[in-house]
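Below is one structure, written out as structure tokens; comments come after it.
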Amino acid sequence: MDALLEANGAARIGAPLALLLAAQATRDPHRIALTLPDQSLTRAELDQRSNQRARQLQRAGVGHDDVVLFALPNGAAYYEYVYGVWKLGATPI
């Protein structure tokens, strides 16, 4: 993962966002990644939950280059699914 980051921590151009977020979760897992009115998630929590969502989506047939439409309220689950879709190489809309 460190190969994706510059010495100052900036993302390299073209690195997939899911890999960059995973690198952040590995480097600083206890830092807050998401703050909502009713809850906050650390980088590690968001990464773990997005892995679960990615597995759910993969079992449902979502794969690389697919487009996934969500009809979810703006909450933690929405961000978990978006991140999970990125991990599969698909596009959330």
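No lab work stands behind these numbers, since they all come straight from the coordinates. The shown structure was predicted, so the numbers you read here are calculated from the model rather than taken from an experiment. Ideal geometry is used to build each Cβ from the backbone, glycine not excepted, and the neighbour counts take in all protein chains shown.
Under 11 Å from the Cβ of Leu57, count the other residues' Cβ atoms, weight Lys and Arg +1, Asp and Glu -1, and hand me the total.
Details: positive: Arg53, Arg55, Arg59, Lys87; negative: Asp66, Glu80.
Overall, the nearby charge balance is +2.
Within the set of other residues whose C-beta is less than 12 Å from the C-beta of Pro29, count the net charge using Lys and Arg as +1 and Asp and Glu as -1. Please list the in-between numbers first.
On the way: positive: Arg27, Arg31, Arg43; negative: Asp28, Glu45, Asp47.
Around Pro29, the charge tally is 0.
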